[in-house]
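*Asks:* Below is one structure. I have some questions about it.
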Amino acid sequence: NGKELAARTAEVIFTAQQTLGAAQEFYTDVKSRLVRYGRTPDQLLIMPGLSPIIADTEAEAKDLEAELFDLVDSGKALKRLSNYFTVDLSEYPLDALVPVDKSKPYDFSSSGITSRHEVVVDAARRDNMTIRQFLSRSYAGHGHVSFTGSVIQAADFIEKWLAEGGADGFNILPPLFPSGLDTFVDKVVPELQNRGLFRTEYE
């Protein structure tokens, strides 16, 4: 119902997909519905949330990610994330695989779980995550895609999603303010401008 409403009326969708494959499926699905309402694909922008941890080098970014992760109360976080499942994740070793049945889709209809839950579980299934990886990604991005790396790697990541039909743009959600936003604006945006992917002035 939400996709049909968006196809009929929306100008922008703020959405959450954690993998390019899931983003491409969502993008293609929603854009294909527009023709029924006399609309063209460029009349609706799809913008997933992106939670970036960025530094001048990948090593510096990973150090920052580790520092942030050390501040997380993993016990409480796992209890919260367990709401997406029928088991208590805190009872499993952190390096065990997330307990999802990869042979069949999760039955969201029976539990009343929303699309955000579906996104999170789908990412765990697609990427064959351990609970530690799942915790790190989910806590960093709050259900959105998270990225850790250098300025150039961040621009590469964004360019790939744009070029390969996963997004029209991104809703930037840095996990650290104001420095995370400052780094993105001061360093990533100029790189995107150099690639012709971001405007250099307002229309």
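Only the coordinates and a few stated rules stand behind these numbers; no lab work does. Please read all numbers here as calculations on a predicted model, not as lab measurements. Counting neighbours? That spans all protein chains shown, and the Cβs are built from the backbone with ideal geometry, glycine included.
*Asks:* Grab the DSSP H runs of the chain that are 4 residues or longer, score each as -39,500 (n - 2.57), total them, divide by all residues and round the 222 nm result to the nearest 500 deg cm²/dmol.
*Replies:* About -13000 deg cm²/dmol.
*Asks:* What residues qualify as long-range amide H neighbours of Phe198, i.e. H under 5 Å apart, gap of 5 or more or another chain, H built at 1.01 Å from N?
*Replies:* Here Gln193 satisfy the definition.
*Asks:* Can you list residues from other chains, or at least 5 along the same chain, whose modelled amide H is less than 5 Å from the amide H of Val145?
*Replies:* For Val145, whose amide H was placed from the backbone, the distant partners under 5 Å are Gln17, Gly49, Ser51.
*Asks:* In the chain, what percentage of the DSSP-assigned beta bridges are antiparallel, given to the nearest 5?
*Replies:* Once the DSSP bridges in the chain are tallied, antiparallel ones form about 10 percent.
*Asks:* If you don't mind, there's one more thing I want to ask. Among Ala59, Leu81, Phe69, whose Cα projects farthest towards the positive end of the dipole of the chain, with charges put on the beta-carbon of Lys, Arg (+1) and Asp, Glu (-1)?
*Replies:* Leu81
*Asks:* With charges set only on the Cβ (+1 for Lys and Arg, -1 for Asp and Glu), what does the dipole of region 1-71 come to about its Cα centre, in debye to the nearest 20? Write out the running numbers ahead of the final one.
*Replies:* Values: 7 positive and 12 negative charges, 192 e Å.
With only Lys, Arg, Asp and Glu charged at Cβ, the dipole is about 920 debye.
*Asks:* Now for a separate question. Taking θ as phi - 60°, what are the ³J(HN,Hα) couplings along region 83-94 by the Karplus curve (6.51, -1.76, 1.60), each to the nearest whole Hz, with x for Gly and Pro?
*Replies:* Listing the rounded values in order: 5, 7, 10, 9, 10, 8, 5, 5, 8, 9, x, 4 Hz.
*Asks:* So, in the chain, how many Lys pairs have Cα atoms under 20 Å apart, if the pair is 8 or more places apart or on different chains? Walk me through the intermediate numbers first.
*Replies:* Numbers: Lys3/Lys31; Lys31/Lys160; Lys62/Lys187; Lys160/Lys187.
Close lysine pairs under the 20 Å cut-off: 4.
*Asks:* Continuing with the same structure: Give the calculated FRET efficiency between Glu164 and Asn1 to the nearest 0.05, with a Förster radius of 30 Å applied to their Cβ-Cβ distance.
*Replies:* Given R0 = 30 Å and the Cβ-Cβ separation, E is 0.60.
*Asks:* Within the set of other residues whose C-beta is less than 11 Å from the C-beta of Leu176, count the net charge using Lys and Arg as +1 and Asp and Glu as -1.
*Replies:* Charge balance near Leu176 sits at -3.
*Asks:* Around Val12, which amide H atoms from residues at least 5 apart in sequence, or from another chain, sit under 5 Å from its own amide H, with H modelled in the peptide plane?
*Replies:* Leu45
*Asks:* What's the FRET efficiency of Arg199 with Leu176 using the Cβ-Cβ distance as r and R₀ = 22 Å, to the nearest 0.05?
*Replies:* 0.30
*Asks:* Then there is this: Expressed in nm to one decimal, what extension gain is obtained for the pair Asp95 and Val72 from 0.36 nm per residue of sequence separation less their Cα-Cα distance?
*Replies:* Working: separation 23, 0.36 × 23 = 8.28 nm, distance 1.68 nm.
Between Asp95 and Val72, full extension yields an extra 6.6 nm.
*Asks:* While we're on this one: Quick one: if the Förster radius is 22 Å, what FRET efficiency do Asp42 and Thr19 give, using the C-beta to C-beta distance and rounding to 0.05?
*Replies:* With R0 = 22 Å, the Cβ-Cβ based efficiency is 0.35.
*Asks:* Given q = 0.08, 0.16, 0.18 Å⁻¹, what are the Debye log10 I(q)/I(0) values for the chain, with equal point scatterers placed on the Cα positions and solvent ignored?
*Replies:* Each listed q maps to, in turn, -0.30, -1.13, -1.32.
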